[in-house]
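The values are calculated or read from the model by the stated rules, or taken from the named source; none is laboratory data. Remember, it's a predicted structure, so these values are computed and weren't measured experimentally. Don't worry about glycine lacking a Cβ; one is built from the backbone with ideal geometry, like all the others, and counts go over all protein chains shown. Accessible surface is based on the protein model in full, side chains and every heavy atom, while ligands, DNA and RNA are left aside. Shrake-Rupley method; radii C 1.70, N 1.55, O 1.52, S 1.80 Å.
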Amino acid sequence: MSKEKMYAVKNDEGKYWDFEDQDGFWELNTMNLATIAGEEVAECVARDRGGHVVTFVEEPEKVVISNEQSKIVEDANKYKFPASYISMNTDDYDGLEKLLMNAYVNGYTVKKEKKYNVKVPHAEGWHFQKYSSASKLGARNNWRPFPAKDIDSNMSKDLFIFTEAEIEHYGLQDCEKEEVTDDAD
């Protein structure tokens, strides 16, 4: 994030001082130069001509974090001391605590997990479908096999893919996998 700021002078009527022509306050869309880099100059204009100084600061970039990390940041909002909550719920390896503090302050986006079609040995002709109701009930294994011949053309392609975490959970790390691209995004 840039530490440079730009300043404008705005009066009570919602008009801005024109720093180029120095001839008064104008509607923003009719003037040449509404901002200036010097705060002192803006303060002098506001004092001498009326109005108040408006500071423009570059908006910080949102941090990209995982879904699990976003849950920590969301939960931090529920506590009186969110920074303490983040500290208590992170092992500060590789600057994770700093990353989550930055996400809390500046905002964040959740990194989309890569997904893979996995060729499972001894499962020729079978596909695996994820049952969301099973995971909501706390079931560990929420994947169910079904014969490939039963595939409905209306079924979502999301039914046949695994995330890295799921591949690891089910012990499929040694299986052949192919990344699934989501063309809808």
Practice task
In whole Hz, with x marking every Gly and Pro, tabulate ³J(HN,Hα) for the stretch 108-118 from phi via Karplus 6.51 cos²θ - 1.76 cosθ + 1.60, θ = phi - 60°.
Solution key: 8, 10, 8, 5, 6, 6, 6, 10, 9, 7, 10
Completion exercise
Taking only protein heavy atoms and a 1.4 Å probe, the highest-to-lowest accessible-area order of 105, 73 is 105, 73
Exercise for the section: First select every other residue whose beta carbon is under 11 angstrom from the beta carbon of residue 118; then total the charges, Lys and Arg +1, Asp and Glu -1. Expected result: -3
Handout entry: Charge sum, other residues only, whose C-beta stays under 9 Å from residue 33's C-beta, Lys/Arg counted +1 and Asp/Glu -1
Key = -3
Exercise for the section: Mind listing the long-range amide H neighbours of residue 115? Cut-off is under 5 Å, sequence gap 5 or more, other chains count too, H placed in the peptide plane at 1.01 Å from N. Expected result: 180
Handout entry: 5 angstrom amide H check on residue 6, placed H, neighbours 5+ away
Key = 56
Fill in the blank from the handout: Interchain or sequence-distant (5+) residues whose placed amide H lies within less than 5 Å of the amide H of residue 108 are 63
Exercise for the section: Using the Karplus curve 6.51 cos²θ - 1.76 cosθ + 1.60 with θ = phi - 60°, work out ³J(HN,Hα) for each residue of the stretch 31-45 in order, rounded to whole Hz, and write x for Gly and Pro. Expected result: 10, 9, 9, 8, 10, 8, 7, x, 5, 4, 4, 4, 5, 5, 4
Completion exercise
Karplus ³J(HN,Hα) for the stretch 162-175 (6.51 cos²θ - 1.76 cosθ + 1.60, θ = phi - 60°; Hz, whole; x = Gly/Pro) runs 10, 8, 4, 4, 5, 4, 5, 4, 8, x, 9, 4, 8, 7
Completion exercise
Surpassing 31 Å at the alpha-carbon level, of the pairs 80/111; 62/115; 10/112; 78/112; 5/114; 15/111, are 10/112; 5/114; 15/111
